[in-house]
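Shown next, in structure tokens, is the structure this report addresses.
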Amino acid sequence: AIFQCFVANTFGLYNENLNNLFASNPRLTRWFNSVFAGVFFNLGPCTVTWPHTDCHNLAFGWCAITALGNFDPDCGGHMILWDLGLVIRFPPGSTILIPSALLTHSNVPIQPGEEHYSIIQYSSSGLFRWVYNGFPV
């Protein structure tokens, strides 16, 4: 709902692209009620990411990052958006949407004995090109 509310045109593009993909092949199964084509589960138990961009996502596209686990969000697990100079408190159960191909991002390690997992929803730019070009083989 947040994605659709704040970047409606991009949400519409994601939705149309995915609908066209599933309409092109009835054997495909839509696992989640999401406009994102892919999902990645970081199963930890101490998931930490180094500063990176997601160069295979659309340059103007977005990804949804959800933090899960049992950790003290005041002592670790923060989301860092390096290009913006932001360190964001990111407690378990929180979701953030970012243009991950444009912004260098990472997270802060958690304390010993804690658990940190994440779910990342995204759509690869190659999938948009493949659908746009008529599903070439």
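The values are calculated or read from the model by the stated rules, or taken from the named source; none is laboratory data. For clarity, every value in this text was computed on a predicted model and none was experimentally measured. Reconstructed Cβ throughout: ideal geometry from the backbone, glycine too, with neighbour counts over all protein chains shown.
For the reader, a short list of remarks on this structure follows.
- When Cys75 is tested against (1) assigned to a loop (DSSP other than H, G, I, E, B); (2) closer than 14 Å to Leu58 by Cα, only condition (2) is not met.
- Filter pass, Val35 being part of a loop (DSSP other than H, G, I, E, B), in contact with a His (Cβ under 9 Å, 6 or more places away or on another chain) and either hydrophobic (A, V, I, L, M, F, W, C) or without any contact (Cβ under 8 Å) to a residue 60 or more places away in the chain (or both): no
- Filter result (touching a helix residue (DSSP H, G or I) at 6+ places or on another chain (Cβ under 8 Å) and farther than 15 Å from Thr49 by Cβ) within segment 102-114: Leu102
- Filtered residue count, segment 50-65, keeping only those that are closer than 22 Å to Phe6 by Cβ and not in a loop (DSSP other than H, G, I, E, B): 4
- Filter result for Leu68 (farther than 28 Å from Val137 by Cβ, at pLDDT 95 or above and either surrounded by fewer than 17 Cβ atoms within 10 Å (Cβ to Cβ) or out of contact with any Ser or Thr (no Cβ under 9 Å at 6 or more places or on another chain) (or both)): no
- Filter result for Ile98 (touching a Phe, Trp or Tyr at 6+ places or on another chain (Cβ under 7 Å) and under 15 Å from Asn70 (Cα atoms)): no
- Single residue of Gly38, Gly85, Gly12, Gly76 found to be of a type outside the set (D, E, K, R) and exposed (fewer than 12 other Cβ atoms within 10 Å of the Cβ): Gly85
- Hey, Trp31 modelled with pLDDT under 95, under 19 Å from the mean Cα position of the chain (by Cα) and surrounded by fewer than 15 Cβ atoms within 10 Å (Cβ to Cβ) or not: yes
- Filter result (more than 15 Å from Phe36 (Cα to Cα) and either in a helix (DSSP H, G or I) or not aliphatic (A, V, I, L, M) (or both)) within segment 100-117: Thr104, His105, Ser106, Asn107, Pro109, Gln111, Pro112, Gly113, Glu114, Glu115, His116, Tyr117
- Checked against (1) within 20 Å of Val7 (Cα to Cα); (2) surrounded by fewer than 16 Cβ atoms within 10 Å (Cβ to Cβ); (3) among the β-branched types (Val, Ile, Thr), Val137 passes all but condition (1).
- Taken as a whole, the structure places Phe90 among residues that are crowded, with 19+ Cβ neighbours inside 10 Å, in a loop (DSSP other than H, G, I, E, B), of a type in the set (Phe, Trp, Tyr) and at negative phi.
- Test: residue in segment 118-125 that is in a helix (DSSP H, G or I) and either surrounded by 15 or more Cβ atoms within 10 Å (Cβ to Cβ) or in contact with a Ser or Thr (Cβ under 8 Å, 6 or more places away or on another chain) (or both): yes
- The sole residue among Leu21, Leu68, Leu97 that is closer than 24 Å to Val131 by Cβ and part of a strand (DSSP E or B) is Leu97.
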